[in-house]
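Working notes, beginning with the structure itself.
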Amino acid sequence: MNDENQTEQHETLVKLIKKFGTAMLTTRSADARMHSRPMTPLGDDFDGGFWFATEIDNAAVRDIQANPEVNVCFMHEGDNHFISVTGRGSISQDRAQIARLWSAPMNAFFKGGKDDPRVCLIRIDAQHADYWDGPGNLLTKLVFFATVATTGNHEALSDTGSVNL
């Protein structure tokens, strides 16, 4: 893949990531079982990674400390946008970073607020991402299905990409 194509796919990935408010974080526990849980990405910009807030005694924290390889998935079925990101997780209790990423709605999940010593951040440094950006509304889906039926080209109206980060 040439650098120009990789740059375009990276830009598409960043644009898609901004559309999601929830992700599924998948970790591997000490007994090698995979566990997924919904998490809210923090911050406004994708800088090659994601931040999530949780409590230090959370199972996701223990899983990441034992095995930092993770997967983060985003899905918006109505708009037909899907992203799967593999990466490495780490845990931070940096109070300045917690304060920087904190928002008022987070107070509902953390009784002690941003100053609660049990609040920590999970940082996922993305290594690779796959995305699927298909037709979103009913009209474009109908056009997509008609195009596929007549041409056999399944990629006619959708965009897929694979980005090394």
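The values are calculated or read from the model by the stated rules, or taken from the named source; none is laboratory data. Just so it is clear, the model here is predicted, and its values are computed rather than measured. Note: areas computed on protein heavy atoms with side chains; ligands, DNA, RNA excluded. Shrake-Rupley method; radii C 1.70, N 1.55, O 1.52, S 1.80 Å.
Taking amide H as placed 1.01 Å from N in the peptide plane, the amide H of W102 sits under 5 Å from none that are at least 5 places away or on another chain. Amide H contacts of H128: T86, L165, each under 5 Å away and 5 or more positions distant or on a separate chain (H built 1.01 Å from N in the peptide plane; Pro and chain starts excluded). Can you give the accessible area of H76 in Å² (nearest 10), computed on protein heavy atoms with a 1.4 Å probe? For H76, solvent-accessible area is about 80 Å². For S162, the solvent-accessible surface with a 1.4 Å probe is about 40 Å², rounded to the nearest 10. In Å², what does the accessible area per residue of the stretch 49-129 work out to with a 1.4 Å probe? Solvent-accessible surface per residue comes out at 50 Å². With the whole protein complex present, T86 retains an accessible surface near 60 Å², based on a 1.4 Å probe.
Length available on full extension from D45 to Q6: 0.36 nm per residue minus the Cα-Cα distance, which gives 12.1 nm. Which shape class applies to the stretch 21-124: rounded if a/c is under 1.5, otherwise prolate when a/b exceeds b/c and oblate if not, where a ≥ b ≥ c are the square roots of the Cα gyration tensor eigenvalues? Taking the square roots of the gyration eigenvalues as a ≥ b ≥ c, the stretch 21-124 is oblate.
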